Structure formats: structure tokens, C-alpha cells
1. Testing ARG105 on (1) at positive phi; (2) among the basic types (Lys, Arg); (3) modelled with pLDDT of 85 or more, one condition comes back false. Which one is that?
2. Regarding ALA292, is this residue exposed (fewer than 15 other Cβ atoms within 10 Å of the Cβ), assigned to a strand (DSSP E or B) and in contact (Cβ under 8 Å) with a residue 12 or more places away in the chain?
3. Which of the residues that make up segment 143-167 are more than 21 Å from ASP112 (Cα to Cα) and among the β-branched types (Val, Ile, Thr)?
4. For segment 297-371, please list each of the strands (runs of 3 or more DSSP E) lying entirely inside it that holds at least 1 residues being at pLDDT 70 or above and more than 30 Å from THR283 (Cα to Cα).
5. Of all residues in segment 250-272, which are closer than 15 Å to ASN294 by Cα and either in contact with a Ser or Thr (Cβ under 6 Å, 6 or more places away or on another chain) or among the hydroxyl-bearing types (Ser, Thr, Tyr) (or both)?
6. For a quick check of your reading of the model, give me the residue pairs whose first member lies in segment 298-325 and is of a type in the set (D, E, K, R), whose second is modelled with pLDDT of 80 or more, with beta-carbon atoms closer than 6 Å and at least 6 apart or on different chains.
7. Please return the ranges of strands (runs of 3 or more DSSP E) entirely within segment 76-194 where 1 or more residues are surrounded by 14 or more Cβ atoms within 10 Å (Cβ to Cβ) and among the small types (Gly, Ala, Ser).
Amino acid sequence: MREREKGLGKISRPIRWDLSEKIEQRHMSIEGREKKEVWRESERGQRKRSQVRWTKTAGSASDKFQETSIYNETLRIEGIQRVQGGRYYCKADNGVGVAAIKSIRVDVQYLDIPVLTVHQTISDVRGSYYQEKTVFLRCTVNSNPPARFIWKRGNMLIEQSKDNGVDIYEPLYTQGETKVLKLKNLRPKDFADYTCQVSVRNVCSIEDKSVTFRLTNATSPPMIRLSVNDTVVVDPGQDVLLTCEVTAGFPLPTVMWSRNPSPLPLSAQVRGPTLILRAVTPTDAGFYNCTAVNNVGNPARKNVNLVVRTMSNLTFQITPDSNKDSETIQMGRDLKLSCHVDATPQDKVNYTWYKNGVPCFQLGQPDLVAQ
């Protein structure tokens with residue numbers, strides 16, 4: 001539809017847009033192209049091109065991209081991430097009529113490597129005449145679209161309808177997509193390699209992924225112990241070695257060290273189950289956590305509180321204070337001398353009083369009362 005702009009005598013057209021989407025593995029381009037470039041001529045004869053801007057649902061596109069890119073006809077997303085999916089809006093305005101707006105939905109497809117964990121329960125049957133062992137293999141994955149799960153024992157597909165010793169179900173209230181393979185009343189043939197295979201049916205050429213776990217009679221959750229007490233007190237500049245010994249668990253657990261709430265110091269070294277801290281400073285103090293994981297049962301955790309000795313802000317006080325109270329100290333009057341220091345740990349500070357270089361009788365206390 002043509003409109004004649006008042007006062008200009010020029011023919012103008014509203015903007016019409018085609019939106020095209022191009023998605024590749026590492027980048028994506030969204031193009032908004034005018035079917036015909038439209039310019040508006042001002043009263044001085046200057047021509048003005050239409051202004052283009054990109055926005056995204058629940059926030060501006062500038063939150064994720066270069067500020068300059070959101071004002072171009074083409075919005076290019078380098079290394080697109082799953083959180084960047086959503087609906088994008090392209091708005092073009094050249095001052096003629098109503099601005100043109102079009103939108104496009106960007107659906108990012110992905111499939112993570114699945115995580116397989118094992119849990120075991122033992123229950124008494126028929127008055128403790130024998131015990132029944134049940135194993136739960138839990139397979140969890142994050143994907144878009146929802147993944148399809150396949151369970152295998154060795155190379156053989158497990159079908160619930162053909163094996164009365166197994167149940168396959170989806171638990172409630174779990175994060176991500178989860179399928180559980182339940183092995184009821186464990187049989188000798190159940191000690192085998194189990195594979196959880198997930199698939200999004202080759203969407204965007206995404207290949208299937210899988211994880212395998214070997215279930216044996218020795219399969220057990222991890223157990224650990226520390227080489228030190230729960231609290232370790234050291235002097236500044238001292239080296240600290242914390243060893244987290246694995247005492248049980250099959251397969252062999254993996255040991256990891258962390259600090260809460262801060263990350264490990266940059267100078268920290270982890271050698272197997274041992275954490276090495278060289279020439280510690282007060283900033284290295286805190287709670288250090290050892291975690292052992294083998295995907296059987298729950299992870300084993302132990303904590304160490306590292307305390308680095310410090311002393312600062314030494315203060316000295318006389319009571320009564322002749323300078324503050326504007327009075328002199330008379331003979332025969334009680335006099336209290338107080339000494340305080342900020343220290344870590346505070347309860348371990350030991351005070352020693354000296355008179356003319358000779359230790360006084362009142363030792364170990366911050367206050368000295370002279371009578």
C-alpha cells in the first residue's frame with residue numbers, strides 16, 4: 001500500500017521482512033532482510049535508511065552479544081549455547097508508518113554424555129533365612145529433544161517384558177531425564193557389563209552417547225579417612241600436607257579436593273589423594289573438603305578446618321587511666337594493666353607479664369592487677 005508523505009511529495013512504502021535461520025554446529029546466523037530497501041527523504045533532501053534492532057524474549061539481545069551486532073540486519077551468534085535458545089525479535093523502523101516486527105524461535109539441540117550411578121539394598125527374606133540383594137542402576141542425561149534410553153547387558157538388549165528379574169522405570173522428582181534399571185533378587189547372570197545408551201534420533205546429526213558400568217560381587221561404595229584431625233593449626237609459612245586415604249570402594253574411587261566457599265589457592269597442588277599447600281598464609285585458612293566418588297552409592301566426604309595462626313592489633317590499657325580521668329595515681333590504690341591482641345585462634349593466646357625484664361607471678365592472663 002502506497003502512502004504520500006505530507007510535506008515531502010515523495011512516495012514511501014512500509015517495511016516488509018523475511019526472516020531466515022541458518023544453524024551450524026558452531027555458529028548461527030539470523031538474517032532479517034528487507035524485500036526492498038526503503039529510504040525516507042527529509043525536508044532537506046537527505047535520505048535516511050531504516051533502523052534495525054534485535055531483541056530476545058526475557059531480556060535484550062545485548063545481554064548475550066556484542067552491542068554493535070544487535071543493530072545490524074544479521075545477528076550472528078558465535079558458539080551458540082543451550083541457554084541462548086528462545087525467541088528473537090527483529091524490529092525495523094524508518095519513520096514511515098508503524099515499525100515492522102518479526103520473530104523467530106531458535107531451538108538449540110544437544111545431548112550430554114549420560115551419568116550412570118549404582119545403588120544397592122539388602123533385605124532379609126522369610127525371617128532372615130536368606131538375604132535378597134537388589135541393585136538400582138540410574139542413568140541420567142540432559143538433552144533437547146528428550147532422549148530415548150536403551151539398556152544393554154553385555155551386547156544384549158534388556159527388555160522388561162522378556163526378563164522377570166528386571167524393572168525399567170522413570171523415577172519422580174529428578175533433575176534431567178532419568179531411567180532406572182532395577183535388578184531384583186540379584187542372580188549370577190546379573191554380574192555383567194551394563195550399558196545405558198541415549199539417543200535423540202540423529203537430530204542435527206547428533207550421535208548417540210553411552211556409558212558402561214561393570215557390576216561385580218565386589219561392587220561397593222567409597223569410604224575414606226584423613227591423615228590429620230578435623231582441625232589443623234599451623235604457623236604462617238609452614239607447608240601443609242592433607243591426605244585423603246581410600247579405605248574401601250569398588251571400582252576404585254576418584255578423590256577430589258575443594259575448599260568452601262572459596263576455590264583452592266592458586267599455589268595448591270593435588271597429587272593423587274594428597275593436597276599440598278606450600279608456605280601457607282592467613283588467606284589459605286578455611287574448610288577443605290575431600291570427596292571420593294566411584295558412582296556406587298553416595299560419595300564419601302570428609303572436611304578439614306585449616307587454621308593459620310595470626311596476631312595483630314596489640315593494645316595496652318591502664319585502669320584508672322590518669323590521662324583520661326584527669327587524676328593522678330595515688331600510692332596504695334589498686335592498678336589494673338590490660339593487654340589485648342587479635343589472634344587466631346584467640347583461645348590459644350598465652351600472655352606473659354614482665355616487670356623490669358623479670359616475669360611476674362601472674363602468668364597467662366591478659367590482665368595484671370597490682371595491689
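The values are calculated or read from the model by the stated rules, or taken from the named source; none is laboratory data. These numbers were taken from a predicted model, which means no experiment stands behind them. When we count neighbours, we look across all protein chains shown, and the Cβ atoms used for this are built from the backbone with ideal geometry, even at glycine.
1. Checking ARG105 against (1) at positive phi; (2) among the basic types (Lys, Arg); (3) modelled with pLDDT of 85 or more, the one that fails is (1).
2. On the way: exposed (fewer than 15 other Cβ atoms within 10 Å of the Cβ): no; assigned to a strand (DSSP E or B): yes; in contact (Cβ under 8 Å) with a residue 12 or more places away in the chain: yes.
When the stated conditions are applied, ALA292 does not pass them.
3. Going through segment 143-167, the residues more than 21 Å from ASP112 (Cα to Cα) turn out to be 153-167.
Hits for segment 143-167 are ILE158, VAL166.
4. Numbers: elements: 300-308, 310-319, 335-344, 367-370.
Ranges flagged: 310-319, 335-344.
5. PHE250, THR254, MET256
6. Matching pairs, first to second residue: ARG301/THR291; LYS302/ILE224; LYS302/LEU226; LYS302/CYS290; ARG309/ASP235.
7. Working: elements: 86-93, 100-106, 115-125, 130-141, 148-153, 166-169, 177-183.
Answer list for segment 76-194: 86-93, 100-106.
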